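The values are calculated or read from the model by the stated rules, or taken from the named source; none is laboratory data. Keep in mind that what you see is a predicted model, and the values were worked out from it rather than measured. Positions of Cβ are generated from backbone atoms using ideal geometry, with glycine treated the same way; all protein chains shown enter the neighbour counts. Side chains included, ligands, DNA and RNA excluded: accessible areas come from the protein's heavy atoms. Shrake-Rupley method; radii C 1.70, N 1.55, O 1.52, S 1.80 Å.
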Amino acid sequence: MKFIGIDFGWTSGASGLCCLAWQDNTLKLLDITTSLEINAILAWIDTWVSADAPALIAIDAPTVINNPTGMRLADKLTHKHFGRYHAGCYPANLNSSFADRTVGLSLSLAARNFQHAPTIKAQQPGRYQIEVFPHPATVNLFGLDRILKYKKGKIAQRQQELNKLRDYIVNVLPKLEPPLHTSSLDSIPEISSGNTSNLTGKELKSIEDRLDSLLCAYIAAYWWYWGEAKNLILGDLETGYIVIPIRT
């Protein structure tokens, strides 16, 4: 079984991509990169997951949108359950500028037989796709009091928060079940606090995209491994849903 994480560029820009493989009762990192165009993203998926091979793809983007205006139920529920952690998500509706692009990616995956999985039988191989949201996932997986704010602000501040995120990934995910294999840690992008002046905003964004894609892939594995026993499902297939690990 493989687990694909996509930190999707909703309107434009690069998307972070990660592939984990379930081997010998551990998760091994096979690839972590970025890609710009949807066709390139799909080609990358085809490279790592052959036709009819089992995999679960987790996308950080609204993949099911049916409401003409306002917020989806799933969006509202993130604010209800995670607003106090600053982890409510951006609203999505059919008039959103990104709707065609994000739903279109999901439809392209469905054409490859990756079916939506707002419910799942734990550890059953198949071809699935889910929507995820890394911020509340980090709150629960890492036991945070609030999200790590690495997406906005000055470069030095974002770098500091990204360093914290990487530290949590490296130190916590190998100890959870399913565990991220320690041999994968060397491939995880590193941000040196001593090189702040040498990092551009674009370079920092590339690291952010890749770390988020790794989180997405891990959430995919966590959903497949535990199912509803240790995951929260906000929303439903009809109106849109988000899978979030329960606090460990």
Pair list, Cβ < 7 Å and 6+ apart or interchain, from the stretch 145-172 residues that are touching a residue at least 24 places away in the same chain (Cβ under 8 Å) and in a helix (DSSP H, G or I) to residues that are of a type in the set (D, E, K, R) and open to solvent by less than 60 Å² (accessible area, probe 1.4 Å): Leu162/Glu208
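Here is a list: Asp60, Asp46, Asp31. Which entry is surrounded by fewer than 12 Cβ atoms within 10 Å (Cβ to Cβ), of a type in the set (Asp, Glu), within 30 Å of His181 (Cβ to Cβ) and modelled with pLDDT of 95 or more?
Details: Asp60 fails: surrounded by fewer than 12 Cβ atoms within 10 Å (Cβ to Cβ); Asp31 fails: surrounded by fewer than 12 Cβ atoms within 10 Å (Cβ to Cβ).
One residue alone meets the criteria, Asp46.
If you check Leu77, Leu105, Leu73, which single one turns out to be among the hydrophobic types (A, V, I, L, M, F, W, C) and out of contact with any Phe, Trp or Tyr (no Cβ under 9 Å at 6 or more places or on another chain)? Steps first, answer last, please.
Details: Leu105 fails: out of contact with any Phe, Trp or Tyr (no Cβ under 9 Å at 6 or more places or on another chain); Leu73 fails: out of contact with any Phe, Trp or Tyr (no Cβ under 9 Å at 6 or more places or on another chain).
Selected residue: Leu77, the only one of Leu77, Leu105, Leu73 that is among the hydrophobic types (A, V, I, L, M, F, W, C) and out of contact with any Phe, Trp or Tyr (no Cβ under 9 Å at 6 or more places or on another chain).
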Which listed residue, of Lys121, Lys76, is basic (Lys, Arg), part of a loop (DSSP other than H, G, I, E, B) and closer than 19 Å to Val243 by Cβ: Lys121
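Here is a yes/no grid of residues against (1) surrounded by fewer than 22 Cβ atoms within 10 Å (Cβ to Cβ); (2) modelled with pLDDT of 90 or more; (3) hydrophobic (A, V, I, L, M, F, W, C); (4) touching a helix residue (DSSP H, G or I) at 6+ places or on another chain (Cβ under 7 Å):
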residue	(1), (2), (3), (4)
Ile130	no, yes, yes, yes
Pro136	no, yes, no, yes
Lys149	yes, yes, no, yes
Ala156	yes, no, yes, yes
Glu161	yes, yes, no, no
Arg166	yes, yes, no, yes
Pro174	yes, yes, no, yes
Thr182	yes, no, no, yes
Leu185	yes, no, yes, yes
Given (1) touching a helix residue (DSSP H, G or I) at 6+ places or on another chain (Cβ under 6 Å); (2) under 21 Å from Ala58 (Cα atoms), index of the condition Gly227 fails: (1)
Close pairs from the stretch 4-26: first within 18 Å of Leu185 (Cβ to Cβ) and in a strand (DSSP E or B), partner polar (S, T, N, Q) and open to solvent by 10 Å² or more (accessible area, probe 1.4 Å), Cβ under 6 Å, at least 6 apart: Gly16/Thr34
